[in-house]
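The block underneath contains the structure these notes are about, expressed in structure tokens.
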Amino acid sequence: MGLLSDPNRRRALISLLTRLNTPICIVCYMAGVAWFMGLAFEPFTLRTYMSENAMGSTMVEERFPAGERALATGREFSAHKKRTGGMPVEWLMKTMQAKGLEVFTQRFSRTLPFPDENKERYMVRGTNVYGILRAPRAPRTEALVLSAPCSPGDNNNQAVGLLLGLAEYFRNQIYWAKDIIFLVNEHDLIGMQAWLEGYHHTNTTGTFCHSRGGSIQAALSLELSSDIITSLDLVLEGLNGQLPNLDLANLFYAFCQKIGVLCTIQGKLQRNDWDSVSGYSHAVQTMMLMVMKQASGRPWGDHGLFLRYHIEAATIKGVNSFRQYKTDATTIGRLLEGMYRKLNNLLERLHQSYFFYLMPSLSHFVSIGYYMPAFGLLAVILLLRALDLWVQLSTPPQRTEDGVTDIEPVRGVLSLLTPLVISHLTGVALYMLPIRFQEMAVEHFPVSETEAVVLTAIAVYTAGLALPHNTHRLLSGEGTEQGWRVLKLVAVLYLAVLLGCTALINFSLGFILALTLVPVAAFVTPHVPKVLSAFILVILSPACTLLFSVFFFQELQEMPISFQDGWLLFLSVISQGILDHSLYGSLVYPLITLLVYPCWLLFWNILFWN
Amino acid sequence: AMAEQKFRVRARALVCVFVCVVMCGCGRDDFQEELVIRPLHSGDIYTSFQFRTLWETDFTRENKVSHYRLFPKSLGQVISKFSVRELHISFTQGYWRTMQWGQPYLPSPPGAELWVWFQDSLTDVDGTWKELTNVLSGIFCASLNFIDSTNTVQPSASFKPLGIGNVTDHRFLRYATLPREIVCTENLTPWKKLLPCGSKAGLAVLLKSEKLFHSSFHSQAVHIRPVCKDDQCKTTSWELRQTLNVVFDLHNSGQGKNEWSLFKMFSRTLTEACPVASSSKIYIDITDNSQGEQFELSPATPLLSQAVVLGDRRTFSVYDLTQQITFGTMRSLNLLIRGKSSDMLRPLLHAERYVAGYGLQTGEIHTLMYNNHPYRSFPVLLLDSVPWYLRLYIHTLTVTSKGKDNKPSYIHYQPSKDRVRPHLLEMLVQLPPNSVTEVTLQFERALLKWTEYTPDPNHGFYVGSSVISSLVPSIVAMDTNNSRERPLFSSFFPSKEESSYFVRVYTEPLLVNLPTPDFSMPYNVICLTCTVVAVGYGSLYNLLTRSFQIEEPSPGLAKRIANIIRKMRGVPPL
């Protein structure tokens, strides 16, 4: 601070920063990217460890014996599902009752804003069935949830079978201290959303739940579609990039190790050769997949919606690939039994371990303290740029001595305010119009509703590019040097605040946006070559970022696709994003349309300033 | 050894009686013990012990009672020292599942509950209450010492005296619950010690903790109240009732019949009654078994008894333990019950409660009260005592039944004071027939001071059960066609004592999370913030508010004088 209060040194420092601004920015950018890539390097990461004492030292014996019977129940369930052509409510209720649970149902209905073509649904009606296993001598204050979706086709029958098998086994144990809710939800996330809202009485998409087990402490969602599996995959990413407490992942990993089940995260098995190039790139891929999934802000399993209610939850997926190593249902049952017994031992909610982390493998994690500098290095560029602009603006131009007056302040404000308002209005249009105008679009063009929504969104987005860059001239005449500098200063600070807030909530989204938007913000001026810059600006715009992300994601999953398929996938991702927002309240779509896109338009505006 | 022990007990009792009768000449006392076993429709078995000690004495008179026979001395001293008129205390582990099990004989909320009526001659009720809870805490090995002004209320209508006496001024009533209290053997042992026979003889030999706590529900209680000595009611006696209710979980995944016996439930059989007991009986509810198809009993008993219990006419098989013949040739009684579960009528009144909403700022308490009576409405008294750290917004109180606003005819609300007293809300609500009445109330979660958090703050904070008291129309009165066994003239007007019965229903307690700081590093946080504030803020404030200029070195004396002269001359200074 003494450095800054001494005017001479301050001047020197500022002149250093302004003189070396561009090199420092470039170095920061490189350092940010390098730091991020380094996060996946094993020596730099921490090993996971169980922080919760209540789950750590207690001995738990797993004795679940009835895997075969559970699978038989699963087959019975599948037969009844086929017969009723949906959720076999009656059969499920009867079976759960026979196993000694208190059984309740919940009906729900939901009309989507436009048809979901991926899952082929528009007006959704369904029933959730849940059975509560009352813990002996517990006063219904705490509960755990085990859920399995009732999926169309032949999927997840084994999960329901195992759920019922576990219910029967758990019912005969005396040690439960928390009620256990066994939930079979229809229409995956929509059913789960309806159930959670019914349980917490927060909304009215379904009927309210009739009975409860108190506050839910943790939940697991089970997805299992084959009798024998080769590995179990853990899915953590939830709505808006929320993650469950790391101890839940640790618990899963600990039991996989104990019981001897292969476990993966992002579908990637852990490797031991971190010092080889391929080992490192494997870790990078795993971490990148997590970043991409988290940035998407959508729930990647039925557990994703629990996180909003501060319930730690994860999805466990059974994977059946061509590996030699096979695991049967009894073993998975034992694994779940062990996990539930440890969760049952919890005295407090899971809170000891991290809530913000990235996982380059199931046994290693990167905590918020390690990954935030990567983002910080990118964000610092914006601040440096802002400082540079501020200095340029505050040192009076030479010409004023000659008597050439500046534009009057009113015009200055107008030239600043007009682009701000107009670009935000474009953002609002992008947010509102696609759903509002779907009917009109369907009438006038030969497209389906879903296509109409997506194409309207793209059309508004593109129209936004044409619209605002000359608007300030309407009110304030010719743009001045001073004018674009002020506008850019505002835009850069706006972007810094925006990205900073986003990164605090959802690091991955903030980082990906920073990666593309920060260079734009840093280099754009009216004096750079127009055509080339415009091309770069469009390439680095939010929509193109999304397009590249789609291809990159497919690449990471080792399922590369052609440009044609990629484009279709891109369209469906947009429609899914809009649906996620209106169904589950995902914030990514409004964030992009209402804040990020207008902010990017400001830079577009600066490029065409004259 | 058994015989010797029996002999000792008997001898002691005889000596006792002799000494008492000869030397003291104080009031008569009497001890009765009773066990009711009721196979529940869910397949579980409900066992309810009652031990009743009656003593014709007066604890309130001037000269202190000093000689005790059957009545436990520790409680007698408590009554006289703290001017207690009536005392009810219960310890419960688990929640009574009204929908599966029906109404219990003696309801109690999860955790500990204590309510006391004091004599109206008492001046410092609060101080006495504080002392009393501490003493009871010692007697029952429980955390009753955690009862203080922040969880004590004075209900105006819900808890009326159960004994004789006509003082109903609720200034002399104190009610408190500890929903978090965990009940285990250390509470059972002192409770058993209050019995005249301890757990040495009589029904109390069945009370082995390893079995009692291997159950779905466990509740033990002590009730003390003054009762009439005789019909004239000129003098009072004191009644001590010790009750213990246990529900054994007999879930059997197979479809076959359950087979349970005293030995299987308690790992003991009965060999004798308590020698000092005037009556010692086992009742088995066989109402649902009138044709004997649901379950069978062995050994069978010829004694039957009928009673209206909780509005329903029940039939009981009775085993009198004072009769030697009950024990048969084996000289031990091991009741065997074989039976299967069946459906039951929905209980006429039940209730549930939960917290709605998410996040750590606000929430809403929902209380649902179900009236399952097909055509009669009845009023209920709802009592809610909510700790101060949930700040209730009483203006958000809504009571709705069948989608319409249901205005309570009586509301007694006492707002909370932070760290001093809880909210108290009592309402008289009419429940329409066959309906659900929903009471909602919004609240804000307070931020506690950091020393006020419990050692496990992330577990959440408990809110005690709501209490719903009501006179429920009885099933007997509902059954208007039931004239087969009774004379016609007796059934036209419903008889008063049978038309409705008193029920108290407790809802589940709530577990509410409050905004909780991260306690793992308070030290770091304090240090860091202090440093940042001290260093960062001061300097930044300086930078932002001052303008910095390079100071010219101060001129010499000669120059200053020259400048003054130049100024006077109106010439610019040097």
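Throughout, read-outs are computed from the coordinates displayed, never taken from laboratory work. Please read these numbers as outputs of a predicted model, since none were measured by experiment. Note: ideal-geometry Cβ built from the backbone for every residue, glycine included; neighbour counts use all protein chains shown.
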Taking a ≥ b ≥ c as the square roots of the Cα gyration tensor eigenvalues, with a/c under 1.5 meaning rounded and otherwise prolate when a/b beats b/c or oblate if not, region A:263-361 comes out oblate
Average Cα contact separation per residue, region B:22-339, under 8 Å, 6 or more apart, as relative contact order % | 22
So which lysines pass the test for B:Lys130, namely a Cα distance under 28 Å, with those fewer than 8 places away in the same chain ruled out?
-> B:Lys64, B:Lys73, B:Lys81, B:Lys160, B:Lys192, B:Lys193, B:Lys417, B:Lys449
Global form of region A:103-257, assessed from the alpha-carbon gyration tensor, a/c cut-off 1.5 | oblate
Hey, rough spin-label estimate for B:Ala558 and B:Ser409, points 7 angstrom out along Cα→Cβ, what's it come to in nanometres?
-> 10.9
So what are the three principal axis dimensions of region B:22-339 from its Cα atoms, in whole Å, longest to shortest?
-> 62, 49, 35
Going highest first, how would you order B:37-45, A:442-450, A:132-140 by mean Cβ packing within 10 Å?
-> A:132-140, B:37-45, A:442-450
Proximal lysines to B:Lys559, defined as alpha-carbon separation beneath 19 angstrom and excluding residues fewer than eight positions away on the same chain = B:Lys567
Exposure rule at most 11 other beta-carbon atoms within 10 Å, DSSP loop GluC sites (Glu not before Pro): chain B longest free segment | B:63-292
Within 10 Å of each Cβ in peptide B:301-314, how many partner chain Cβ atoms are there on average? Round it to a whole number, please.
-> 0
What's the FRET efficiency of A:Ser276 with A:Cys501 using the Cβ-Cβ distance as r and R₀ = 35 Å, to the nearest 0.05?
-> 0.35
Free-standing Cys residues across chain A, given no other cysteine C-beta under 4.7 angstrom | A:Cys25, A:Cys28, A:Cys150, A:Cys209, A:Cys501, A:Cys544, A:Cys599
For chain A, max minus min Cα coordinate along each principal axis, in Å, sorted largest first?
-> 95, 61, 47
Measuring from label point to label point, each 7 Å out along Cα→Cβ, what is the B:Lys567 to A:Val528 span in nm?
-> 5.6
Pop the C-beta distance of B:Val167 and B:Glu259 into the FRET formula with R0 = 60 Å and round what comes out to the nearest 0.05.
-> 0.70
Region A:53-362 - Debye-derived log10 I(q)/I(0), Cα point model, q = 0.09, 0.12 Å⁻¹ = -0.42, -0.77
Integer Hz, Karplus 6.51/-1.76/1.60 couplings in order for region A:236-253, x for Gly and Pro | 10, 5, x, 4, 6, x, 6, 10, x, 4, 4, 4, 5, 5, 4, 4, 4, 5
Between the DSSP loop rule and a limit of at most 15 other Cβ atoms within 10 Å, which trypsin sites (Lys or Arg not before Pro) in region B:398-459 are left?
-> B:Lys402, B:Arg419, B:Lys449
Cross-link partners among aspartates and glutamates for B:Lys200, C-alpha distance below 17 Å, same-chain residues fewer than 8 apart left out?
-> B:Glu4, B:Glu33, B:Glu34, B:Glu210, B:Glu272
If you rank B:Phe248, A:Phe170, A:Phe551 by fewest surrounding Cβ atoms within 10 Å, what's the result?
-> A:Phe551, B:Phe248, A:Phe170
Spacing of the two label points (7 Å from each Cα toward its C-beta) at B:Asp418 and B:Ile550, in nm = 5.5
From largest to smallest, what semi-axes in whole angstrom does region A:543-598 give when each is the square root of 5 times an eigenvalue of its alpha carbon gyration tensor?
-> 23, 12, 10
Three semi-axes of the equivalent ellipsoid, chain B, Cα gyration tensor, whole Å, largest first = 62, 30, 25
Among B:Ser90, B:Ser209, rank each residue by its count of other Cβ atoms within 10 Å, from fewest to most, as a rough exposure measure.
-> B:Ser209, B:Ser90
What size of dipole, in debye to the nearest 20, comes out for chain A about its Cα centre when the only charges are +1 on Lys and Arg C-beta atoms and -1 on Asp and Glu C-beta atoms?
-> 860
Just report the Cα centroid separation between region A:485-563 and region A:260-337, whole Å.
-> 29
Of the peptides A:116-122, A:298-304, how do they stack up when ordered by the mean number of other Cβ atoms within 10 Å, highest first?
-> A:298-304, A:116-122
Once region B:96-244 is represented by equal point scatterers at the alpha-carbon sites, with solvent omitted, what log10 I(q)/I(0) does the Debye formula produce at q = 0.16 Å⁻¹?
-> -1.07
Rounded to whole Hz and in sequence order, give me ³J(HN,Hα) for region B:421-435 from the Karplus expression 6.51 cos²θ - 1.76 cosθ + 1.60, θ = phi - 60°, writing x for Gly and Pro.
-> 8, x, 6, 10, 10, 10, 9, 9, 10, 8, 9, x, x, 6, 8
What's the extension gain from A:Asn172 to A:Phe535 if we count 0.36 nm per residue and subtract their Cα-Cα distance?
-> 124.0 nm
Short version: ³J(HN,Hα) in whole Hz for each residue of region A:158-173, in order, from phi by Karplus 6.51 cos²θ - 1.76 cosθ + 1.60 (θ = phi - 60°), x for Gly and Pro, what are they?
-> 5, 5, 5, x, 5, 4, 5, x, 5, 4, 5, 5, 4, 4, 8, 9
Put +1 on the Cβ of each Lys and Arg and -1 on the Cβ of each Asp and Glu in region A:53-362; which of A:Trp274, A:Met292, A:Asn156 then has its Cα farthest toward the positive end of the dipole?
-> A:Asn156
Considering Cα pairs under 8 angstrom that are at least six residues apart, work out the relative contact order of region A:53-362 and quote it in whole percent.
-> 23
Sorted by Cβ neighbour density within 10 Å, fewest at the top, the residues B:Val183, B:Val525 = B:Val525, B:Val183
Report Rg (one decimal) and Dmax (nearest whole number) for the protein assembly as shown, counting Cα atoms only, units Å.
-> 37.9, 138
What is the mean number of Cβ atoms from other protein chains located within 10 Å of the Cβ atom of each residue in peptide A:48-56, rounded to a whole number?
-> 0
Restricted to chain B, the DSSP antiparallel beta bridge percent, nearest 5, is 95
Place a +1 charge on the Cβ of each Lys and Arg in the protein assembly as shown and a -1 charge on the Cβ of each Asp and Glu, then give the dipole magnitude about the Cα centre in debye, rounded to the nearest 20.
-> 2080
Going toward the positive end of the dipole of chain B, with +1 on Lys and Arg Cβ and -1 on Asp and Glu Cβ, which of B:Leu397, B:Thr98, B:Leu349 do you reach last?
-> B:Leu397
Inter-chain shielding metric for B:168-178, i.e. average beta-carbon neighbours from other chains within 10 angstrom, reads 0
31 Å Cα-Cα threshold exceeded, pairs from B:Lys208/B:Lys229; A:Lys82/A:Lys178; A:Lys94/A:Lys119 = B:Lys208/B:Lys229; A:Lys82/A:Lys178
